[in-house]
1. When you scan the stretch 61-86, how many residues do you find that are in a helix (DSSP H, G or I) and of a type outside the set (S, T, N, Q)?
2. Within the stretch 34-65, take every residue that is surrounded by fewer than 17 Cβ atoms within 10 Å (Cβ to Cβ) and within 14 Å of the chain's Cα centre (by Cα) and give me the one that is nearest to Ala105 (Cα to Cα).
3. Just one of Phe62, Phe80, Phe54 is among the aromatic types (Phe, Trp, Tyr), within 28 Å of Phe32 (Cα to Cα) and touching a Leu at 6+ places or on another chain (Cβ under 9 Å); which is it?
4. So which residues in the stretch 16-33 are surrounded by fewer than 17 Cβ atoms within 10 Å (Cβ to Cβ) and among the small types (Gly, Ala, Ser), if there are any at all?
5. Kindly indicate the residue of the stretch 87-114 that is in a helix (DSSP H, G or I) and more than 19 Å from the chain's Cα centre (by Cα) and also farthest from Met38 (Cα to Cα) among those meeting that condition.
6. Kindly provide the set of residues from the stretch 14-27 that are in a helix (DSSP H, G or I) and over 13 Å from Leu56 (Cβ atoms), ordered by number.
Amino acid sequence: MRFLLSVLLTAALSFIAGIYLPFWWNYAAVAFLVAAAMRQSIGKSFLAAFTALFLLHFIIAFIIDQNNKGILSGKIGQLFGLGTASFLLIIITALVSGLIGGFAALRGSSLRTPTKRI
C-alpha cells in the first residue's frame, strides 16, 4: 500500500511541479522529498520513483507525439540515428526520466535508513 501511495504521490507532485516550476530537475527533487518522507526500503523507494516517473514521462511524451503526428520525434530520431522510430525515442525519454527519479529517491531514502558503521 505504501509503495502504491509513493508511486501516485511522486507522479502527481511531479506533474504539478512540471507545470508550475521552470526547472528540469524538479522531478528529481520531488522524488527525493517523497522518498525521504515515506518510510520504505531503499530498493522500494528506487522502484517507486522509477515507476512513477517512467510512466509519467511515457504518457506525456506519447500524448505530445500523437498531437503532432510524430513529426518532431521523427526528426529527433533521425538526428540521433534512430530513423523515424518515434516509439523508441519515447521509451528512451521515459527510461532517462525514470533513472533520474529513481536515483534521487534512492538518495532520499538513504537519508532515513541508518547505515551500519564498521
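What follows is calculated from the coordinates using simple rules that are stated; it is not laboratory data. Keep in mind that this is a model prediction, so the values were computed, not measured. Please note: Cβ atoms are built from the backbone with ideal geometry, for glycine as well, and neighbour counts cover all protein chains shown.
1. Restricting attention to the stretch 61-86, the residues satisfying the condition of being in a helix (DSSP H, G or I) are 61-67, 71-79, 86.
Checking the rest, the ones that are also of a type outside the set (S, T, N, Q) come to 61-65, 71-72, 74-77, 79.
Looking only at that region, the number is 12.
2. Step by step, filter the stretch 34-65, then rank; the result is Leu55.
3. On the way: Phe62 fails: touching a Leu at 6+ places or on another chain (Cβ under 9 Å); Phe80 fails: within 28 Å of Phe32 (Cα to Cα).
Just a single option satisfies the conditions, and that option is Phe54.
4. The one that is surrounded by fewer than 17 Cβ atoms within 10 Å (Cβ to Cβ) and among the small types (Gly, Ala, Ser): Ala17.
5. First pass over the stretch 87-114, keeping only residues in a helix (DSSP H, G or I): 87-112.
Filter again for more than 19 Å from the chain's Cα centre (by Cα), leaving 111-112.
Values: Leu111: 11, Arg112: 9 Å.
In this case the residue turns out to be Leu111.
6. First, the residues of the stretch 14-27 that are in a helix (DSSP H, G or I): 14-20, 26-27.
Scanning the stretch 14-27 gives a single hit, Tyr20.
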